[in-house]
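Working notes, beginning with the structure itself.
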Amino acid sequence: MTVGTVAKRSEFLPFSRPVFGEEEIHEVVDTLRSSWITTGPKTGRFESEFAAYLQAPGALALNSCTAALHTALVTLGIGAGDEVITTPMTFSASVNVIEHVGARPVLVDVEPDTLNIDAGQVEAAITPRTRAILAVHYAGHPVDLDALRALASAHRLALVEDAAHALPARYKGRLIGGGYNAVAFSFYATKNLTTAEGGMLTGDPDFLARARIVSLHGMSRDAWQRYDQGGSWFYEVLLPGFKYNMTDIQAALGLCQLRKLERFQRRRREVVSQYNGAFADEPALELPVTRPEVEHAWHLYVLRLRPGTLTIDRNRFIQELSERNVGTSVHFIPIHVHPYYRDKYGFKPDTFPVAYAEYRRILSLPLHPGLSDGDVGHVIEAVLDVVRSHRV
Ligand SMILES: *Cc1c(COP(=O)(O)O)cnc(C)c1O
C-alpha cells in the first residue's frame, strides 16, 4: 500500500454528516415539553413554510421521500397493468414504489453528461399502458423538464418528480417543486435538509388533500383535527391508506433546517468550486457538469475517472481514499444490476449501457456544509495523491 506524500489525517472524514445546532436541539426539546409530539402544529407550520420557500401551491409532510413517492402513485390511481417510465441511475426506492403499487417500471437509459434520464429515449418507451414518468433529478441537477413535460402532455401521462437531491434547484429560473405536479423531497440524514427521516410531497392542493388521506389510514380527518379542542371524535375510513405521517419532532428539525438552507447551499457551492478548481487540470478526472438553464442543488459531487488514465479501477480508488481517511460513496449501483430487477426483467449490465459504464467510473466525494476548508483541502490532496500514485 502506498500512501504517497499526503499526511494521513488522524481522523476519518465521513462521506456525510448532519449539521445541527442549538436551534434544532431547542426546538426538539420544546416539542417534547409541549405534550404534542406527533403530527400537529409544527408539522403544519413546516408544510406552510416549505411551500412558501418553494413558492409551491401546497405541501404534505410525510415520514420519507419513499412514502411521498408511493403516496403520489397511489393517489394518481396507478396500479396493476400500468407502466411507469423511470431511470436506472437512482436509489432503489424510486423504483421499488412502482413495484409496490403493482405497476411495471420501464427503465430508460441516462444522458452521459448529467446522468439524468435521457428524454430523447423516453418516447420509444411509451406504450398504451404507460401512466407516468417518474423523473429523478440526479445529484441535484434538474432533468430536461421541458422535454419531459411535452411528452407527458402529448401522451396524457403524469409527471412525478423524485427531488430527493434537488432542494433547492432551479430549472429555467423556477424552483423544482414549485408547480402543480407531484414532487417528492427527502429529509433523510444525508440530504441537503434533514429531519433524520422525513419527506415532503408538493403539488396541487386538491391532489395533496387526497394524498393526505391516502397517507394516513385513509381517514377523513387526522388526529390533530380529532383531539384538539373543538375537534370531533368522528372520522370515516375512505380507503385502506398507509401510515406515512410526519411527527412534530421531525418538523421541529425541519423548521430550523429550512431557515439555514440558503447558508448551507452557499457552503456547498464553495466546496464545489474548490473541488472544481483543484481537479479541472487533472486529465485523469472528469468534473460534474452544470447545464446553463439550471441551478444545481449540489446534493452530490460526482467525480468520474477517465478511462485509460489510471492503473487502478474505481473500487481500488475508493479503497485508497479510505486509506487516506476520506469517506466516499457511489451513487448509484444502477437499478438493473440489482438481483431483484435483473432477474425479474432479465436485464443485462449493457441493457442500459450508459448507466452501467458510468457506474463503473463514478465516485461521490464528501459534500456537506459541515466541511471545513481544512477538510476540503485534505480531500483534494488525497484525490490528487491517489491519481499521482497510479497514473498510467
Ligand atoms: C434518498 C433518496 C430517496 C429516498 O428517500 P427517503 O427519504 O430515505 O425515503 C429516493 N430517491 C433518491 C434519488 C434518493 O437519493
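Quick notes on this one:
- Flag if Leu73 is over 14 Å from the mean Cα position of the chain (by Cα), under 25 Å from Glu197 (Cα atoms) and in a strand (DSSP E or B): no
- Of all the residues in the range 11-44, those that are part of a loop (DSSP other than H, G, I, E, B) and either within 14 Å of Gln257 (Cβ to Cβ) or of a type in the set (D, E, K, R) (or both) number 6.
- Matching residues, the range 158-174, being within 16 Å of the ligand (Cβ to nearest atom), of a type outside the set (Gly, Ala, Ser) and in contact (Cβ under 8 Å) with a residue 60 or more places away in the chain: Val160, Asp162, His165, Leu167, Pro168
- Counting residues in the range 175-189 that are farther than 24 Å from Cys256 by Cα, modelled with pLDDT under 95 and either assigned to a loop (DSSP other than H, G, I, E, B) or within 16 Å of the ligand (Cβ to nearest atom) (or both) gives zero.
A quick yes/no check of all residues on (1) within 12 Å of Thr71 (Cβ to Cβ); (2) free of Cβ contacts under 8 Å to residues at least 24 places away in the same chain:
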position	(1), (2)
Pro205	no, no
Arg210	yes, no
Leu216	yes, no
Gln225	no, yes
Gly231	no, yes
Glu236	no, yes
Gly241	yes, no
Tyr244	yes, no
Thr247	no, no
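Residues are listed down the side, and each one gets a yes or a no for (1) more than 30 Å from Asp144 (Cα to Cα); (2) surrounded by 17 or more Cβ atoms within 10 Å (Cβ to Cβ); (3) of a type outside the set (A, V, I, L, M); (4) not assigned by TED's automatic domain parsing to the domain that holds Val143:
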{"site": "Glu286", "(1), (2), (3), (4)": "no, yes, yes, yes"}
{"site": "Glu293", "(1), (2), (3), (4)": "no, no, yes, yes"}
{"site": "Asp343", "(1), (2), (3), (4)": "yes, no, yes, yes"}
{"site": "Leu384", "(1), (2), (3), (4)": "yes, yes, no, yes"}
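- The residues of the range 194-207 that are surrounded by 24 or more Cβ atoms within 10 Å (Cβ to Cβ) and either part of a loop (DSSP other than H, G, I, E, B) or more than 9 Å from the ligand (Cβ to nearest atom) (or both), listed by number, are Thr195, Gly198, Met200, Leu201, Thr202, Gly203.
- Residue ID - nearest to the ligand (Cβ to nearest atom), chosen from residues in the range 94-129 that are buried (at least 22 other Cβ atoms within 10 Å of the Cβ) and not in a loop (DSSP other than H, G, I, E, B): Ser94
- Enumeration of residues in the range 233-263 that are open to solvent by 10 Å² or more (accessible area, probe 1.4 Å) and in a helix (DSSP H, G or I): Ile249, Gln250, Leu253, Leu258, Arg259, Lys260, Glu262, Arg263
- Output for the range 281-298, where each listed residue is under 25 Å from Leu261 (Cα atoms), more than 17 Å from the chain's Cα centre (by Cα) and charged (D, E, K, R): Arg291, Glu293
- Helices (runs of 4 or more DSSP H) within the range 298-382 that include 1 or more residues within 16 Å of the ligand (Cβ to nearest atom): 339-345, 353-359
- Selection within the range 130-142 - of a type in the set (A, V, I, L, M) and within 12 Å of the ligand (Cβ to nearest atom): Leu134, Ala135, Val136, Ala139
The values are calculated or read from the model by the stated rules, or taken from the named source; none is laboratory data. These numbers come from a predicted model, not from an experiment. Methodologically, a virtual Cβ is constructed for each residue, glycine included, from the backbone with ideal geometry; neighbour enumeration extends over all protein chains shown. Keep in mind that these areas ignore ligands, DNA and RNA; they rest on the heavy atoms of the full protein, side chains included. Shrake-Rupley method; radii C 1.70, N 1.55, O 1.52, S 1.80 Å.
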